[in-house]
Amino acid sequence: MEQDIKKVELRYLKIEDYDEFKEAMVKAYHPMTDAYWKKHHIEKLLRIFPEGQVVVLVDGKIVGAAMSIIVEYDLFGDEHTYLDITGKYSFDTHDPDGDVLYGIDVFIDPDYRGLRLGRRLYEYRMEICERLNLKAIVFGGRLPNYHKYADELSPREYIQKVKLKEIHDPVLNFQLSNDFHVRKVMKGYLPGDEQSGEYACILRWDNIYYEKPRKRPDISKGVVRLGLVQWQMRLYKGIDGLMEQAEYFVDAVSGYRSDFALFPEFFNAPLMADYNHMAEPDAIRELAKFTDEIRKRFVQLAISYNINIITGSMPLVEDGTLYNVGYLCKRNGECERYEKLHVTPDEAKVWGMKGGNELKVFNTDCGKIGILICYDSEFPELSRILADQGMKILFVPFLTDTQNGYSRVRNCAQARAIENECYVAIAGCVGNLPKVHNMDIQFAQSVVFTPCDFPFPTNGVKAEATQNTEMILIADVDLDLLKELHHFGSVQNLRQRRLDLYELRMKK
């Protein structure tokens with residue numbers, strides 16, 4: 001039959017289609033010869049929700065249909081019957097302001113099954129669910145083959161065997177393959193359905209793009225623009241010279257309407273030149289005295305240039321202990337601190353630096369982000385904890401002296417993007433600093449990494465800067481693509497973890 005088909009189309013149901021519609025429905029539900037909608041039912045559905053009623057045609061002939069209404073699902077919950085949800089076939093339960101698309105019927109003429117026509121109907125339902133910003137699609141799914149196993153299997157056991165492909169059920173197999181999941185099994189859902197033993201599954205498909213209506217005029221961004229600063233190490237005339245250069249870069253990336261500006265680790269190290277006559281531990285503690293003033297100036301820049309600034313990192317002395325910290329300066333004036341948890345052997349040996357103790361996700365006007373300073377990106381547990389808290393973008397300010405060190409940061413950052421289904425942006429310092437001990441040379445190439453799946457670049461690299469050259473890198477990242485990856489990706493690293501075998505958690 002496939003070779004003879006010239007045209008397949010989907011269109012809205014019209015009342016003039018009724019006779020042909022009824023004929024296809026009777027064939028689909030054979031041997032239940034009285035299982036079809038009366039004309040006044042169709043007239044009501046077309047009057048209250050014409051977009052929800054569609055038919056599929058093969059060479060101009062109606063061979064299938066899908067009918068739907070919108071309901072306020074909390075009024076019914078999972079404990080409902082078909083009569084409840086349809087208002088005893090009156091469809092008075094339809095609510096244009098409801099939150100769930102409820103499928104009241106879908107069928108395909110048996111002569112045209114195997115052509116994946118049902119999938120077209122379901123894809124239309126998914127599209128309209130997304131377009132109308134509804135939470136989900138819900139319906140009661142029959143179990144037409146259950147009568148063959150009713151003497152030996154409970155409905156729950158039957159469903160489990162269908163999931164494991166040990167039993168074929170034409171309805172349930174189809175629903176599961178189209179990303180619907182079973183919410184509940186109900187007895188008496190559809191009286192008279194002897195094939196199903198009057199059992200049915202309440203099935204649900206969640207709209208990953210659903211956005212709860214807002215009561216305030218907040219901006220929700222689907223595409224986020226990142227501005228990475230590849231910072232050239234050079235000598236400055238004090239803090240004013242350093243911040244003049246920092247403001248230049250903030251101005252540049254905000255001019256491209258970036259949502260974030262990312263600075264590298266220890267970008268303020270040139271200020272140690274005035275203390276090069278001191279021992280290294282003393283010199284970096286002098287540098288730490290500038291940190292609070294730099295933080296305050298970045299807060300003002302974030303407000304003035306309407307951009308979220310990630311300040312890289314700076315030394316900070318607190319209660320006599322030296323830490324490596326940075327600040328997320330939000331464009332609304334808020335400021336939050338992040339800490340390097342794992343200091344390198346060199347930082348500990350030369351400077352006497354200690355690791356911090358706090359790891360958290362930051363809420364921003366562009367969604368949840370995480371920040372790991374350089375070496376921390378090489379510990380996969382940290383980013384996985386952040387991913388479990390909803391992180392979508394991971395920022396890694398770094399400073400590496402050799403290409404070996406850079407390769408460690410780069411390769412680990414790319415792995416974090418794949419395993420955590422997120423974007424990772426890394427930014428580092430370049431150039432030489434001959435008048436500052438322990439900060440002589442730098443090697444860097446700033447990059448934005450993506451997961452590796454069909455919606456993303458095949459090599460997982462969204463954009464990358466030129467090696468060892470002072471510049472900015474601008475890249476857009478689409479957060480909606482991460483939602484699709486999480487639910488429909490070729491592989492699903494987060495969802496398919498064997499949490500029955502292992503777990504990861506913070507001790508405090």
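The values are calculated or read from the model by the stated rules, or taken from the named source; none is laboratory data. On a predicted model such as this, the values are computed, not experimentally measured, just so you know. Don't worry about glycine lacking a Cβ; one is built from the backbone with ideal geometry, like all the others, and counts go over all protein chains shown.
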### Task
For the range 154-169, name all the residues that are of a type outside the set (Asp, Glu) and either crowded, with 16+ Cβ neighbours inside 10 Å or in contact (Cβ under 8 Å) with a residue 40 or more places away in the chain (or both).
Pro155, Tyr158, Ile159, Val162, Ile167
### Query
Hey, among Leu382, Leu394, which residue is surrounded by 24 or more Cβ atoms within 10 Å (Cβ to Cβ) and closer than 20 Å to Asn493 by Cα?
Leu394
### Task
Determine whether the range 153-175 contains at least one residue that is outside any helix (DSSP H, G or I), in contact with a Phe, Trp or Tyr (Cβ under 6 Å, 6 or more places away or on another chain) and in the same structural domain as Leu13 (by TED's automatic domain parsing).
no
### Task
Considering (1) outside any helix (DSSP H, G or I); (2) in contact with a His (Cβ under 7 Å, 6 or more places away or on another chain), say which one Arg337 fails and leave the rest.
(2)
## Note on the structure
Picking from Tyr82, Tyr112, Tyr89, the residue that is crowded, with 16+ Cβ neighbours inside 10 Å, under 22 Å from Glu20 (Cβ atoms), in contact (Cβ under 8 Å) with a residue 40 or more places away in the chain and aromatic (Phe, Trp, Tyr) would be Tyr112
### Task
Please verify whether the range 296-317 includes one or more residues that are more than 26 Å from Leu235 (Cα to Cα), in contact (Cβ under 8 Å) with a residue 24 or more places away in the chain, among the hydroxyl-bearing types (Ser, Thr, Tyr) and assigned to a strand (DSSP E or B).
no
#### Entry: Among residues of the range 418-449, those that are in a helix (DSSP H, G or I) and touching a helix residue (DSSP H, G or I) at 6+ places or on another chain (Cβ under 9 Å), counted
1
### Task
Determine if the range 479-492 includes at least one residue that is of a type outside the set (S, T, N, Q), at negative phi and more than 17 Å from the chain's Cα centre (by Cα).
no
### Val430 among the β-branched types (Val, Ile, Thr), under 30 Å from Tyr236 (Cα atoms), assigned by TED's automatic domain parsing to the domain that holds Val343 and touching a Leu at 6+ places or on another chain (Cβ under 9 Å)
no
#### Entry: Residue that is farthest from Arg131 (Cα to Cα), among those in the range 93-107 that are buried (at least 20 other Cβ atoms within 10 Å of the Cβ) and within 26 Å of the chain's Cα centre (by Cα)
Tyr102
### Subset of the range 467-484 (residues that are touching a residue at least 60 places away in the same chain (Cβ under 8 Å) and either of a type in the set (S, T, N, Q) or not assigned by TED's automatic domain parsing to the domain that holds Ala246 (or both))
Thr469
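A quick yes/no check of all residues on (1) out of contact with any helix residue (DSSP H, G or I) (no Cβ under 8 Å at 6 or more places or on another chain); (2) surrounded by fewer than 24 Cβ atoms within 10 Å (Cβ to Cβ); (3) in the same structural domain as Val396 (by TED's automatic domain parsing):
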| residue | (1), (2), (3) |
| --- | --- |
| Phe298 | no, no, yes |
| Leu301 | no, yes, yes |
| Gly312 | yes, no, yes |
| Val325 | no, yes, yes |
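Could you check how many residues of the range 134-149 are out of contact with any Pro (no Cβ under 8 Å at 6 or more places or on another chain) and either surrounded by 15 or more Cβ atoms within 10 Å (Cβ to Cβ) or over 14 Å from Gly197 (Cα atoms) (or both)?
Start the filter on the range 134-149 by keeping residues that are out of contact with any Pro (no Cβ under 8 Å at 6 or more places or on another chain), which leaves 134-142, 147-149.
Narrowing the set further to residues that are either surrounded by 15 or more Cβ atoms within 10 Å (Cβ to Cβ) or over 14 Å from Gly197 (Cα atoms) (or both) leaves 134-142, 149.
Residues meeting the conditions: 10.
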### Residue satisfying condition, being assigned by TED's automatic domain parsing to the domain that holds Met439, surrounded by fewer than 16 Cβ atoms within 10 Å (Cβ to Cβ), under 30 Å from Glu503 (Cβ atoms) and free of Cβ contacts under 8 Å to residues at least 12 places away in the same chain, within set Asn357, Asn404, Asn363
Asn363
